[in-house]
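Have a look at the structure below before the remarks.
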Amino acid sequence: QGDTIDLNDPIPRFERQWKEESLDAHDVAIENMMLVVDHLVKTSPGERLYTRALDCLVVVREYCEKGRGDEADLFNEALKRLMLQYEERKDLTICSFLKTRGMSLIPVRGLSSCLSASDTLKEGVKEADDDGYDDAIMDAD
């Protein structure tokens, strides 16, 4: 528990962490994988490591979507924080990369089904950022 996820092969480590029996196993696994994703994006020469980062996000999203508790909310909050970081760093390339490959928030109870995935993600970033900062990240194509 609490071990960081291996940068060379993060998905199997994430899966092992997810299966741990501690109360915060899912929280820890999600947060550690988000650190891996952010590291891959920051250290990527151009877009070379973006696909690996996306693969990691897809696995986390799939696990959270099947979760029995608040995993969908945990994923959504983690993804919104990650995207907000990229917006603050003016790294719109990764935002566009994730958006065009279908990365989105997990629909949860109470969200209108008429919202598209990108609208939902855009709205989530705006909620997380109340200081009026330009939300161009979600508009990057």
- Query: At a 1.4 Å probe, what is the % contribution of carbon and sulfur to the accessible area of the range 10-101?
  - Reply: 49 percent
- Query: With a sphere of radius 12 Å drawn around the Cβ of Met34, what net charge do the other residues whose Cβ falls strictly inside it have (Lys, Arg +1; Asp, Glu -1)?
  - Reply: -1
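The values are calculated or read from the model by the stated rules, or taken from the named source; none is laboratory data. From a predicted model like this one, the values you see are computed outputs, not experimental measurements. Please note: Cβ atoms are built from the backbone with ideal geometry, for glycine as well, and neighbour counts cover all protein chains shown. Keep in mind that these areas ignore ligands, DNA and RNA; they rest on the heavy atoms of the full protein, side chains included. Shrake-Rupley method; radii C 1.70, N 1.55, O 1.52, S 1.80 Å.
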